[in-house]
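*Asks:* Quick one: the structure is below, questions incoming.
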Amino acid sequence: MKKIIAAAIILFTFFHVQAQQLSPVTGTKNLTCKIIPSENKTWGYDIYNKGKLLIHQPSIPALPGNAGFSTKADAGKVAKKVMEKIDRGEYPPSVSIEEMKELGVIPK
């Protein structure tokens, strides 16, 4: 139980909406992201390249509707995946439903 509480505190601190950024993906010095609030108390993300907005994703990609992720941590997982794809030169850096299932952000 203590480990779960500690993990929750770390995740909350790490994904604080107002000013915190995820660490750049290994090998990428220019990409950062911020977890952003979205509709109905859900979460999305913005990805920046050298401080310039590159991707604004307030909803879950590849799914219909405007709902965002239910947790900040889920939004962060997908944002990191997108950053990794950009780092590898994949354009567009789309994320599939299967990849989101593997990340555990949508049910299998």
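The values are calculated or read from the model by the stated rules, or taken from the named source; none is laboratory data. Note that this is a predicted model, so its numbers are computed, not measured. Cβ sites come from the backbone with ideal geometry, for glycine too, and all protein chains shown count toward neighbours.
*Asks:* Just to be sure, is Gly44 at pLDDT 90 or above and closer than 21 Å to Pro107 by Cα?
*Replies:* yes
*Asks:* For a quick check of your reading of the model, give me the residue pairs whose first member lies in the range 37-53 and is under 10 Å from Phe69 (Cα atoms), whose second is part of a loop (DSSP other than H, G, I, E, B) and of a type in the set (Ser, Thr, Tyr), with beta-carbon atoms closer than 7 Å and at least 6 apart or on different chains.
*Replies:* Every condition considered, the pairs that remain are Ser38/Ser59; Thr42/Ser70; Trp43/Thr71; Gly44/Ser59.
*Asks:* Pairs under 9 Å by beta carbon, first residue without any contact (Cβ under 8 Å) to a residue 24 or more places away in the chain in the range 81-108, partner among the aromatic types (Phe, Trp, Tyr), six or more apart or different chains?
*Replies:* Lys85/Tyr91
*Asks:* Among the residues of the range 51-80, which ones are loosely packed, with under 15 Cβ neighbours inside 10 Å, touching a helix residue (DSSP H, G or I) at 6+ places or on another chain (Cβ under 8 Å) and either of a type outside the set (A, V, I, L, M, F, W, C) or farther than 19 Å from Lys41 by Cβ (or both)?
*Replies:* Those that are loosely packed, with under 15 Cβ neighbours inside 10 Å, touching a helix residue (DSSP H, G or I) at 6+ places or on another chain (Cβ under 8 Å) and either of a type outside the set (A, V, I, L, M, F, W, C) or farther than 19 Å from Lys41 by Cβ (or both): Ala62, Asn66.
*Asks:* On the basis of being of a type in the set (A, V, I, L, M) and at pLDDT 95 or above, does Val25 make the cut? Before the answer, list the steps.
*Replies:* Numbers: of a type in the set (A, V, I, L, M): yes; at pLDDT 95 or above: no.
No.
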